[in-house]
Amino acid sequence: MRLKLYPAVIGVLTLGAVAFLASRLEFTVVEPGTLPNDPAIDAPRPSAVEPSLQRSPTAAPSVATTPAATPSVPPSPTATPADQDTALGSTSTATRQGKLRVSNTTNHPVRVALLPQASAAESSYGEPVHWDFAPGEGSQKGLILSLPDGELQLKTGDIVVIFAQDGSRRYWGPYVLGQTAMPTWNADTTEWQLLLQP
């Protein structure tokens, strides 16, 4: 009798453990093409959650949007951050080389991964490196990234990707220095600045 009881108990315990683990999984759908600071994401959505539990809207800069269908007027070319800086009289995009300052204002532990370009003449990339940030680490002034064997100098064309390490499946980027809106170039301190926002 005892020999037949053990497999049944083990089977019931295994099924219980599988059911418990399956209940702990969380699935979220993230649409590609939406930015973390997109006003459509921050807009409150109607839900069954009590009003007291909904998060209050934060002050964010307003972004002017144009309707998607405007066939009579062709869209004007948008200026990249590099074009805007060049128009203001700062150094050209090709000569921008400096440190990277990262501010993690999120509640997520994140990993900042860098894929540096091997050289300006080649389109290949060097050895990737990464840094880990705790939630809120560097949120006030930011932290300048460095390497154990020396100073880190980022240049236009380097790629930066940030992703959460808490299982939330959040990520920021990929950002191409000098070609995407972030990180921004600060000509006064000659450094790239990346502010991670929830």
Within 30 Å of E26 (Cβ to Cβ), in contact with a Ser or Thr (Cβ under 7 Å, 6 or more places away or on another chain) and either buried (at least 17 other Cβ atoms within 10 Å of the Cβ) or modelled with pLDDT under 90 (or both) - does that describe any residue in segment 140-163? no
Please go through segment 110-138 and pick out each residue that is over 15 Å from Y171 (Cβ atoms), surrounded by fewer than 16 Cβ atoms within 10 Å (Cβ to Cβ) and modelled with pLDDT of 85 or more. P128, V129, A134, P135, G136
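The values are calculated or read from the model by the stated rules, or taken from the named source; none is laboratory data. The structure displayed is predicted, hence computed values, not measured ones. All Cβ positions, glycine included, derive from the backbone under ideal geometry; neighbour counts span all protein chains shown.
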